[in-house]
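Since every read-out is calculated from the coordinates, none of them should be taken as a lab result. Please read all numbers here as calculations on a predicted model, not as lab measurements. Methodologically, a virtual Cβ is constructed for each residue, glycine included, from the backbone with ideal geometry; neighbour enumeration extends over all protein chains shown.
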Amino acid sequence: MIHAHDSSTASLNQRLESLRAGLDLIDQGFTLIDEQLRIVAWNQPFLDLLDFPASMAYVGAPFENFMRYNAERGEYGVGQVEDLIRERMAMARAFTPHDFERIRPNGTVLRVYGVPVPGHGFVTLYSDTTAQHRQQRLIQDHTLLLEARVQERTLALSASNQELRQTLAEKEAMARSLRQSEARMRLITDSIPALIAYFDVDRNYHYVNRGYQDWFGLDTSRPERISAREFLGNATYEQIKPNIGRALAGAAVTFEYDVQAVDGSTKVARTTLIPELQGDGNVVGCFELTFDISDERRSRQLLAQAQKMEAVGQLTGGLAHDFNNILTVILGNLTALSEQAGMEPLFDEYIAPAMDAARRGSELINGLLRFSRKQPTEAEVVDVNTQLHHVERLVSKTLPGTLSLDMQTGATPLLVRMNPNQFQNALLNLILNARDASNAQGRIVVDCLAQTFSTAEALPWHLLGGNYVRVRVRDFGSGMDETTRSRAFEPFFTTKPVGQGSGLGLSMVYGFVRQSAGAIDITSAPGQGSCFSMLLPALDALAPLVPAVDNAAAQTPASQGLCLLVEDDAGVRQLVRRHLLELGYTVIEAENGVEALDMLLRVPDLGALVSDIAMPGGVDGREVAREALARGDIPKVVLMSGFAPETGQPLPVPLLAKPFTKAELAAALQQAEQR
């Protein structure tokens with residue numbers, strides 16, 4: 001005969017075993033060590049993630065054994081094994097919380113998160129952050145394992161019931177042991193940075209850990225009073241309800257959804273439901289495991305955006321070279337035509353509009369190059385607070401009286417090495433976009449602050465850990481849906497009516513931020529406004545930059561001489577040759593870099609070299625310029641480019657961007673002579 005107390009003890013034991021089985025299904029490694037640094041509890045993923053032999057793990061195993069095993073196989077880098085072990089054992093004895101990542105010799109990035117458990121020891125979680133995309137497959141495998149283990153535990157519990165009938169003293173001792181184990185298991189699950197719960201087939205909760213209190217402010221001591229519909233809200237609950245039905249039908253499911261936390265923040269949650277089956281195959285309940293994957297989703301979105309922008313940038317760079325060569329020929333010949341006698345009657349009506357159109361085409365290409373981060377930038381040390389004040393003065397008079405600009409700056413300088421003009425243009429673009437999104441009503445908030453990111457915190461932004469300056473532009477207007485937000489930085493994408501926007505504003509903002517070694521992100525939802533966040537590396541986080549060449553106009557150089565012109569495009573070569581002749585140079589020509597190198601060897605007394613950068617044949621203009629500089633007797637070396645990716649250390653010569661005028665060519669030659 002089984003007394004009521006027997007049934008309670010069996011249920012308690014079953015719950016304990018089920019929780020232990022559930023821990024083995026978590027894709028994170030788990031260990032609990034006691035105050036003497038001995039293993040008390042662990043799970044199989046711990047052994048799998050760190051490639052430890054199963055024989056090493058047993059209750060009471062010294063944690064130093066695992067340290068030694070790692071040190072001897074090179075997990076901690078180069079050094080004396082005993083020194084490496086001693087250093088890590090000293091850290092372990094401190095029992096201080098930690099959260100860091102390290103790269104294993106096989107390339108796996110391992111996250112280690114540990115917290116003390118008062119009175120019991122130290123809990124540590126190990127996560128393979130390089131394998132998140134395989135999580136679904138692992139969950140399916142774990143489901144099969146859970147079903148087998150539930151059946152195994154059911155048979156074991158049935159056999160245990162016979163043994164528990166022996167004596168009342170034995171039953172009381174077992175009950176006390178189980179209660180202590182359940183208390184320890186609750187302490188462990190409360191320390192795990194996840195939401196863990198169990199509900200029965202009628203969707204009534206029987207267990208919830210402390211994560212539910214942290215996220216939703218629930219009383220975890222009374223799980224039977226908790227309603228998922230109430231703490232999630234009707235809309236969210238209806239969204240995930242089909243997944244709950246599938247789990248209660250016997251299928252393991254994993255799904256993602258947005259949820260509102262008690263502190264008002266919106267989290268992206270990933271929940272896995274594992275059904276618990278009886279021996280006859282009927283579902284009696286579900287284990288629930290939920291993680292906050294907000295940073296993971298943001299990281300995926302930023303990576304996808306960066307890859308898309310890089311592809312568009314590569315296409316832009318490929319088009320820029322040929323297009324700028326075409327514009328060089330058009331603009332140069334139009335300029336020459338305008339200088340001919342008798343052209344005055346035709347200038348205003350025919351020549352000037354064509355020249356303006358060519359210049360607009362050049363500006364368009366330069367804008368695309370700034371977006372794709374292929375355009376050299378002139379960087380200098382600036383205070384972001386000062387730049388915000390400059391922009392405030394520029395834009396305050398252009399905003400309507402119904403829209404206020406709240407510019408929040410601090411007294412402490414926030415120094416960044418960047419191009420100040422491009423930063424001001426980027427900020428103006430964001431403010432004007434906020435004005436349009438607000439329908440000229442309400443308020444625009446701009447602020448800046450210093451932030452320090454650890455390696456883990458910077459990872460979702462695809463940045464390195466360090467010091468950054470964060471500039472935010474927030475409006476309270478119409479906001480964006482997910483489709484618009486994901487395409488906002490694409491060139492020529494705009495939601496404005498035809499003629500009211502080129503679609504390049506945000507593209508150039510994106511290009512400036514990325515070229516400044518920073519990152520940009522958008523937080524927005526329909527009807528809730530938008531917030532653009534620019535992260536720019538603080539001055540002490542940047543390596544020195546080489547200032548770009550000043551291509552200001554100058555007077556025609558007084559000296560004359562023999563000039564070697566290197567250009568593969570015949571039209572451009574003809575135009576530049578005419579410019580050089582008009583500037584007083586005698587010109588010899590080369591069609592490619594190979595021919596130019598041969599001429600440098602054979603032709604003495606060269607007074608100047610003017611060479612394109614990107615050319616066929618395997619020898620580009622940089623190599624020709626380096627050879628000319630190495631000769632030491634060519635006083636003027638100038639490079640031209642419609643587009644050329646930056647490679648290696650910049651050469652100490654002027655870079656003339658196509659298209660250019662004769663005066664700009666003369667200025668570049670004069671600048672080269674002054675170096």
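Here are a few things to note about the model shown:
- Using the Cβ-Cβ distance between residue 294 and residue 673 with R0 set to 41 Å, the FRET efficiency works out to roughly 0.10.
- With each label modelled as a point 7 angstrom along the Cα→C-beta vector, the residue 482-residue 69 pair spans 4.2 nm.
- Between residue 58 and residue 359, the simple spin-label model (points 7 angstrom out along Cα→Cβ) gives 8.6 nm.
- Each residue of the range 86-97 was assigned a 3J(HN,Hα) from its phi angle through the Karplus expression (A = 6.51, B = -1.76, C = 1.60, θ = phi - 60°), giving 4, 4, 6, 5, 4, 5, 5, 5, 5, 6, 9, x Hz with x at Gly and Pro.
- With Cα atoms as the point set, the radius of gyration and Dmax of the range 4-134 evaluate to 16.4, 61 Å.
- Sequence-ordered 3J(HN,Hα) estimates for the range 37-48 from the Karplus curve with 6.51, -1.76 and 1.60 and θ = phi - 60° stand at 6, 10, 5, 9, 8, 7, 10, 5, x, 4, 5, 5 Hz, glycine and proline given as x.
- Residue 581-residue 436 FRET efficiency (beta carbon distance; Förster radius 51 Å; 0.05 resolution): 0.50
- Straightening the chain between residue 266 and residue 396 buys 43.5 nm, computed as 0.36 nm per residue apart minus the Cα-Cα spacing.
- Whole-number D in µm²/s for the range 47-104 (Stokes-Einstein; Kirkwood sum over Cα pairs; 10 °C, 1.306 mPa s): 127 µm²/s
- Three semi-axes of the equivalent ellipsoid, the range 380-541, Cα gyration tensor, whole Å, largest first: 25, 19, 15
- Each residue of the range 426-434 was assigned a 3J(HN,Hα) from its phi angle through the Karplus curve 6.51 cos²θ - 1.76 cosθ + 1.60 (θ = phi - 60°); the sequence is 4, 5, 4, 4, 5, 5, 5, 5, 5 Hz, with glycine and proline shown as x.
- In a simple Cβ point-charge model (Lys, Arg +1; Asp, Glu -1; nothing else charged), the range 4-134 has a dipole of about 80 debye relative to its Cα centre.
- Dipole magnitude (debye, nearest 20) for the range 556-634, charges at Cβ of Lys, Arg, Asp, Glu: 220 debye
- Amide H to amide H distances under 5 Å link residue 117 with 122, 123, where only residues 5 or more positions off or on other chains count and H is placed in the peptide plane.
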